[in-house]
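Read-outs throughout are calculated quantities, based only on the coordinates presented, and are distinct from any laboratory measurement. Given the structure is predicted, the values throughout are model-derived calculations rather than measurements. Using ideal geometry, Cβ is built from the backbone for each residue, glycine included, and neighbour counts are taken over all protein chains shown.
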Amino acid sequence: DAKTTQPNSMESNEEEPVHLPCNHSTISGTDYIHWYRQLPSQGPEYVIHGLTSNVNNRMASLAIAEDRKSSTLILHRATLRDAAVYYCILSPMDSNYQLIWGAGTKLIIKP
Amino acid sequence: EPEVTQTPSHQVTQMGQEVILRCVPISNHLYFYWYRQILGQKVEFLVSFYNNEISEKSEIFDDQFSVERPDGSNFTLKIRSTKLEDSAMYFCASTSGRNNEQFFGPGTRLTVL
């Protein structure tokens, strides 16, 4: 199974942008890159996903490296509510797009 | 806004007992999933379900586990004979398409004594 590598934790100041990195050097050409987050004591929540091109939505942006071996989730202006564990997940086409979870990055937002 | 619901929020059971965890996915969704998360650990895929049958399952999902969609709205996970190591948060999720956003429920905390 393709795996992802993320920092265990990151800190950021409120109202500043946050860049959360993810390495996925063994990604295959048909694997999608998903990001989910889990707020304390809640179920996971979808953030964004993409294949090759950069993606934007109301929550975040996803920047995918040209070789697809890494990606970065960008929160443009972090709020205290964004404090969560962020998971970078590969979704392989040959596993029916099953989500394969890593350990995630715990994002701490300082007021 | 539609949401996935799960009941109960917390289930305590004795080792060896059967438990059924219930989920109501979003009504027009077609793909359904169960995941678990042992305290302090990562989320683990258990099983996916589509068109009234299992489409994928992990090594965790052994003969002690089964899933059912009995009435077109509920989606259940049954553990026949619970073990201590089954203690975890169990999350149900649903989606309208295989590679679309998955919507997760709030989870059921299962405690096996």
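Just a few scattered comments:
- Summing Lys and Arg as +1 and Asp and Glu as -1 over all other residues whose Cβ lies under 12 Å from the Cβ of B:V112 gives a net charge of -1.
- √(5λ) per eigenvalue of the Cα gyration tensor, chain A, largest first, Å: 23, 14, 12
- Neighbour cut-off at most 11 other Cβ (10 Å), DSSP loop, trypsin sites (Lys or Arg not before Pro), the stretch A:19-88: A:R58, A:R77
- Length added when fully stretched, A:M59-A:R81, from 0.36 nm per residue minus Cα-Cα: 6.7 nm
- Reachable aspartates and glutamates, given that their alpha-carbon falls under 20 Å from the alpha-carbon of A:K106 and they are not under 8 places away in the same chain: A:E11, A:E14, A:E15, A:E16, A:E45, A:D82, B:E44
- Debye-sum result for the stretch B:7-71 in log10 I(q)/I(0), which assumes one identical scatterer on each alpha carbon, at q = 0.19, 0.22 Å⁻¹: -0.91, -1.20
- Each other residue within a Cβ distance under 11 Å of A:Y46 adds +1 if Lys or Arg and -1 if Asp or Glu, for a net charge of -1.
- Per-q log10 I(q)/I(0), the protein assembly as shown, q = 0.09, 0.16, 0.17, 0.18 Å⁻¹ (Debye; single scatterer per alpha-carbon; no solvent): -0.37, -1.11, -1.23, -1.33
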